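The values are calculated or read from the model by the stated rules, or taken from the named source; none is laboratory data. Treat the numbers as computed from the prediction; the structure is a model and nothing was measured. Positions of Cβ are backbone-derived with ideal geometry, glycine not excepted, and every protein chain shown enters the neighbour counts.
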Ligand SMILES: CCCC/C=C/CC(=O)SCCNC(=O)CCNC(=O)[C@H](O)C(C)(C)COP(=O)(O)OP(=O)(O)OC[C@H]1O[C@@H](n2cnc3c(N)ncnc32)[C@H](O)[C@@H]1OP(=O)(O)O
């Protein structure tokens, strides 16, 4: 898989600011296996191949990888560990579940909770966003399923997005359709990727896009025809 040009920089792990290509090579031989480091928390599995410097974070929190406080805490810890590992240059975030990348914020976290718990939850949401946006690794969302609302935010926060083509998979900040308002920093993240006009329409109408539609609106560097990436 190849990924295109980017304008982000400032990180010692970016080869330069022009082109970054991530090679997802053929399966490793036994000699390579020792260069793989795996760790697993209940909701996220991480595999780091030190020979390529690429880590894959797989979300494994059924039924829909919703972003609960526990999930977000595990995500931030896993990302921090990768940041501290100098052999890791890039991270792919993806889902281990069929059909779902992430259903977004866990709705149950926003209902009937104490103000303290709500504060803790929203702090974790912001921390996920800040850590991913500010990461000095190359970050790639391999979106192999539906990705509404907060799931879309997570994908938008990565440097690159690749989405599997499947008419059942939608991505977007669709909060309006749910009768809620996307926080301004969700909106800003989308503006930074696709511009003001597209974001304005998308948020007003609560649109969910298919992979080809999103590609037309410059969401992607790439998309793939297989149902799973
Ligand atoms: C106050 C201002 C807040 C503003 C910011 C909001 C950002 C957000 O992210 S809000 C959350 C928005 N996300 C959603 O509303 C997602 C809604 N879910 C779906 O569209 C679908 O579930 C799906 C497309 C992700 C999957 O569809 P599928 O048919 O495969 O599964 P379902 O039968 O619908 O769901 C299975 C199971 O999962 C529960 N669930 C779904 N989404 C969430 C969620 N976001 N949080 C918690 N739980 C969720 C759903 O209720 C089902 O549970 P049961 O099996 O127990 O009924």
Exercise. Within the stretch 75-132, which residues are free of Cβ contacts under 8 Å to residues at least 24 places away in the same chain, in a loop (DSSP other than H, G, I, E, B) and either near the ligand (Cβ under 9 Å from one of its atoms) or at positive phi (or both)?
Worked result: 112
For this session: Please give the number of the condition residue 205 fails out of (1) surrounded by 13 or more Cβ atoms within 10 Å (Cβ to Cβ); (2) more than 15 Å from the ligand (Cβ to nearest atom).
Result: (1)
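Would you be able to tell me the number of residues in the stretch 161-177 that are in a helix (DSSP H, G or I) and either more than 9 Å from the ligand (Cβ to nearest atom) or surrounded by 21 or more Cβ atoms within 10 Å (Cβ to Cβ) (or both)?
Looking only at the stretch 161-177, we keep the residues that are in a helix (DSSP H, G or I), and these are 175-177.
When the remaining residues are screened for being either more than 9 Å from the ligand (Cβ to nearest atom) or surrounded by 21 or more Cβ atoms within 10 Å (Cβ to Cβ) (or both), the result is 175-176.
So the answer is 2.
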For this session: Give 147, 135 a once-over and let me know the one that is more than 8 Å from the ligand (Cβ to nearest atom), assigned to a loop (DSSP other than H, G, I, E, B), crowded, with 21+ Cβ neighbours inside 10 Å and at pLDDT 95 or above.
Result: 135
Exercise. Which pairs have Cβ atoms under 8 Å, sit 6 or more apart or on different chains, and link a residue in the stretch 177-199 that is closer than 13 Å to residue 156 by Cβ and in contact (Cβ under 8 Å) with a residue 60 or more places away in the chain to one that is part of a helix (DSSP H, G or I) and within 11 Å of the ligand (Cβ to nearest atom)?
Worked result: 189/153
Problem set entry | the stretch 178-211: number of residues that are in a helix (DSSP H, G or I) and either touching a helix residue (DSSP H, G or I) at 6+ places or on another chain (Cβ under 8 Å) or within 18 Å of residue 143 (Cβ to Cβ) (or both) | 16
Exercise. Just to be sure, is residue 158 more than 12 Å from the ligand (Cβ to nearest atom), touching a residue at least 40 places away in the same chain (Cβ under 8 Å) and either closer than 16 Å to residue 94 by Cβ or surrounded by fewer than 22 Cβ atoms within 10 Å (Cβ to Cβ) (or both)?
Worked result: yes
Problem set entry | Selected residue (criterion: nearest to residue 45 (Cα to Cα)) from residues of the stretch 58-73 that are assigned to a loop (DSSP other than H, G, I, E, B) and more than 8 Å from the ligand (Cβ to nearest atom) | 60
